[in-house]
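Note sheet for the following structure.
The values are calculated or read from the model by the stated rules, or taken from the named source; none is laboratory data. Values in this document were obtained by computation on a predicted structure and should not be read as measured data. Using ideal geometry, Cβ is built from the backbone for each residue, glycine included, and neighbour counts are taken over all protein chains shown. Ligands, DNA and RNA are stripped out before the accessible areas are found, and what is left, the full protein with its side chains, is counted by its heavy atoms. Shrake-Rupley method; radii C 1.70, N 1.55, O 1.52, S 1.80 Å.
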Amino acid sequence: MSSSPPPNDHNKRILVIANETCPSPTLCRQIRDRAGDDSEVLVVAPALNTRLRHYVSDEDAARRQAEERLARSVDSLAGLGLHPRGEVGDADPVLAIQDALVDFPADEVVIATHPEARSNWLERGADEKARARFDVPVTHIVIDVDADTTGQ
């Protein structure tokens, strides 16, 4: 499902939507390979929560966990020479993309998911919905975080 990276462009803006795959060394390297020297990267980690916690408006733990993943991801990307920033987004990845595109007009959206058997986002068709909804190239990258221990 992953496509090969396009040639490096200067001043490219890449929007990355990732949850548990966010701090993956493999994902960070793939983002670096897609980006140019002066590229900006915005990583959005949706604050995922259980239905019960969402129902009772208890989202503090989900936001805190997303912020921790974002901090590791931003540090890793900065260590690779990129200019990243991160923010916590809506639990729905398509809405998180929509919200982010308001202030960050991306040249490309990258959706990072677990492999198909473990990915709720793929089950709900997040990548296909994003392609249909946004007039920006959407790339899907599969990251197996259990196998991705290199560089951590």
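The rows are residues; the columns are (1) surrounded by fewer than 22 Cβ atoms within 10 Å (Cβ to Cβ); (2) within 16 Å of the chain's Cα centre (by Cα); (3) modelled with pLDDT of 85 or more; (4) in a helix (DSSP H, G or I).
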site	(1), (2), (3), (4)
52	yes, no, no, yes
57	yes, no, no, no
88	yes, yes, yes, no
97	no, yes, yes, yes
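Looking at this structure, is residue 111 touching a strand residue (DSSP E or B) at 6+ places or on another chain (Cβ under 9 Å), in a helix (DSSP H, G or I) and at pLDDT 85 or above?
no
May I ask you to list the residues in the stretch 9-43 that are open to solvent by 10 Å² or more (accessible area, probe 1.4 Å) and either farther than 23 Å from residue 99 by Cβ or hydrophobic (A, V, I, L, M, F, W, C) (or both)?
Matches in the stretch 9-43: 9, 10, 25, 26, 29, 30, 32, 33, 37, 38.
I'm trying to understand the selection: among the residues of the stretch 126-146, which are under 20 Å from residue 95 (Cβ atoms) and open to solvent by 60 Å² or more (accessible area, probe 1.4 Å)?
Matches in the stretch 126-146: 128, 129, 131, 132, 133, 135, 137.
Do we find that residue 106 is at pLDDT below 90, over 13 Å from residue 18 (Cβ atoms), within 14 Å of the chain's Cα centre (by Cα) and surrounded by 15 or more Cβ atoms within 10 Å (Cβ to Cβ) in this structure?
The answer is no for residue 106.
Looking at 73, 24, 3, 39, which one is at pLDDT below 80 and of a type in the set (Ser, Thr, Tyr)?
3 is the lone residue from the list that is at pLDDT below 80 and of a type in the set (Ser, Thr, Tyr).
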